[in-house]
Amino acid sequence: MDLNDSPEQAEYRAKVRAWLEEHKDEAPVLRGEGAIEDEEAAIVAHRAWQRKLAEAGFVGLTWPKEYGGQGLGPLEQVISNQEIARAGVPGIIDAIGVGMLGPTIIAHGTEEQKQRYLAPMLHADEVWCQLFSEPAAGSDLAGIQSRAVLQDDGSWKLNGQKVWTTNAQFASFGLLLARTDPDVPKHKGLTMFIVPMDAEGVTVRGLRQITGDAEFNEVFFDDVSLDEEFVVGPVNGGWGTALTTLMFERLTIGGGSEGMGFRADRFARALAADDAAAADPEVRQRFGELATDLLALRFTGYRILTALERGQIPGPEAGMGKVTVVTAAIAAGDLIADVLGPDALDEDDEWSYLISFLPGLKSAGGTEEILRNTVGERVLGLPPEPRLDKGIPFSELRAKEREAVSA
């Protein structure tokens with residue numbers, strides 16, 4: 001693909017850059033010097049900033065116009081992300097909703113769901129969270145145990161627990177995967193639901209991270225009543241719905257390295273500022289290796305964008321992008337810490353948050369082991385791992401596990 005902006009893309013880039021230059025002083029400072037210290041105030045300010053971006057037409061760029069989007073292509077989304085990073089202002093607060101859950105509702109939701117939920121999501125009037133991971137399932141998403149039972153009146157009764165849920169503490173809604181039929185193989189008995197986070201029986205508990213923040217949460221569901229209007233996609237067909245979310249999740253994480261600030265030149269500036277590090281061959285070698293990975297990731301991202309521009313669906317290679325960007329960024333943080341010493345962990349240093357936050361990102365969007373298996377089997381054509389649970393009803397699997405534990 002041509003890596004230079006077309007005349008239309010150059011015009012669009014100039015439009016985004018001009019707006020950001022005019023409005024960047026209105027953006028909240030969320031990290032570093034002058035950052036908003038009160039968590040609730042920071043959330044309010046970040047939501048207001050997303051609203052400004054949405055009103056300017058820079059949120060949901062690839063969404064259809066009839067649902068509040070701009071109807072543009074993925075390249076315009078990349079240009080917007082690049083210019084936001086260049087301006088040094090935050091992106092949107094609800095990247096999970098806009099980047100992953102909104103597209104899932106567009107693909108699988110009813111027209112009523114699209115009209116009700118998508119516009120408030122774009123403007124951060126209602127922030128969303130993703131309710132997939134569970135304590136006992138690990139990265140085996142199909143092994144989840146949260147149960148939704150159909151009631152006589154057509155509603156559902158939900159019980160269970162989710163964990164590592166980002167933004168649940170201030171989310172209005174969550175998109176949740178639950179087991180609705182335990183008597184079929186585990187991939188076939190799942191259903192996707194919209195869950196109001198203020199519903200009776202929903203409890204959110206923060207998980208404090210090493211950064212000092214509590215971005216992740218565990219969420220409990222005790223006899224939560226969900227009307228049938230909250231079902232997204234087919235009943236017991238939730239695995240296909242979830243795959244849409246996972247595809248967009250891996251694109252958001254793996255293809256979003258520049259928007260996340262994980263750029264080789266950013267790391268290079270920090271290292272070059274130290275004369276001893278700049279002259280050290282070991283430092284140069286370590287940096288060269290991670291910079292090569294980030295450069296390869298950028299061009300892999302271009303390949304993914306080319307597929308999207310042609311109307312194709314990206315394959316599992318997007319998951320490998322997630323592994324690459326997180327691993328390279330962690331290596332960069334380690335190298336910078338080695339060069340700067342304890343100063344790198346000073347709470348006012350720009351690298352402190354990155355170094356503390358990144359290890360947790362290794363599990364987001366699937367663990368490295370799961371993603372490498374996916375790429376090995378679906379991209380490289382390697383033989384799949386033997387599956388002893390294939391075709392066995394979920395209830396029988398759980399019974400065998402309990403027997404094994406008690407033995």
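Odds and ends about this structure:
- Single condition LEU308 does not satisfy, out of (1) modelled with pLDDT of 80 or more; (2) over 30 Å from ALA277 (Cα atoms): (1)
- The requirement of being free of Cβ contacts under 8 Å to residues at least 60 places away in the same chain, open to solvent by 20 Å² or more (accessible area, probe 1.4 Å) and either touching a His at 6+ places or on another chain (Cβ under 7 Å) or not in a helix (DSSP H, G or I) (or both) is fulfilled somewhere in segment 11-29, by at least one residue.
- Annotation: GLY341 fulfils all but one of (1) in a helix (DSSP H, G or I); (2) over 19 Å from GLU289 (Cβ atoms); (3) open to solvent by less than 40 Å² (accessible area, probe 1.4 Å); (4) modelled with pLDDT under 85; the unmet one is (4).
- Contact map, segment 108-125: residues that are at negative phi paired with residues that are at pLDDT 95 or above and acidic (Asp, Glu), Cβ distance under 6 Å, separation 6+ or inter-chain. Pairs shown: PRO120/GLU126.
- Within segment 168-185, the set of residues being open to solvent by 20 Å² or more (accessible area, probe 1.4 Å) and either under 30 Å from TRP351 (Cβ atoms) or assigned to a loop (DSSP other than H, G, I, E, B) (or both) comprises GLN169, PHE170, SER172, THR180, ASP181, PRO182, ASP183, VAL184.
- Any hit, segment 125-140, residues being open to solvent by 40 Å² or more (accessible area, probe 1.4 Å) and either modelled with pLDDT of 95 or more or farther than 21 Å from LEU371 by Cβ (or both): yes
- Taking (1) surrounded by fewer than 24 Cβ atoms within 10 Å (Cβ to Cβ); (2) touching a Leu at 6+ places or on another chain (Cβ under 8 Å); (3) not aromatic (Phe, Trp, Tyr) in turn, MET121 satisfies each apart from (1).
- Residue within segment 158-180 that is of a type in the set (D, E, K, R) and touching a helix residue (DSSP H, G or I) at 6+ places or on another chain (Cβ under 6 Å) present: no
- Candidates GLY60, GLY71, GLY32, filtered to the one that is at positive phi and surrounded by 15 or more Cβ atoms within 10 Å (Cβ to Cβ): GLY60
- Hits in segment 196-239 (condition: at pLDDT 95 or above and basic (Lys, Arg)): ARG205
- Test: residue in segment 188-195 that is surrounded by fewer than 23 Cβ atoms within 10 Å (Cβ to Cβ), modelled with pLDDT under 95 and either part of a strand (DSSP E or B) or among the basic types (Lys, Arg) (or both): yes
- Among the residues of segment 120-135, not a single one is over 17 Å from the mean Cα position of the chain (by Cα) and of a type in the set (Ser, Thr, Tyr).
- When the residues of segment 74-113 are filtered to those that are of a type in the set (D, E, K, R) and open to solvent by less than 30 Å² (accessible area, probe 1.4 Å), the one that is modelled with the highest pLDDT is ASP94.
- Number of positions in segment 64-94 that are within 17 Å of the chain's Cα centre (by Cα) and in contact (Cβ under 8 Å) with a residue 24 or more places away in the chain: 8
- Residue under evaluation GLY154, criteria (1) within 20 Å of the chain's Cα centre (by Cα); (2) in contact (Cβ under 8 Å) with a residue 24 or more places away in the chain, criterion not met: (1)
- Among the residues making up segment 44-57, a single one is surrounded by 22 or more Cβ atoms within 10 Å (Cβ to Cβ) and without any contact (Cβ under 8 Å) to a residue 40 or more places away in the chain: LEU53.
The values are calculated or read from the model by the stated rules, or taken from the named source; none is laboratory data. From a predicted model like this one, the values you see are computed outputs, not experimental measurements. Heads up, the Cβs are rebuilt from the backbone with ideal geometry, glycines too, and the neighbour counts pull from every protein chain shown. All accessible areas refer to the heavy atoms of the entire protein, side chains included, with ligands and DNA or RNA removed. Shrake-Rupley method; radii C 1.70, N 1.55, O 1.52, S 1.80 Å.
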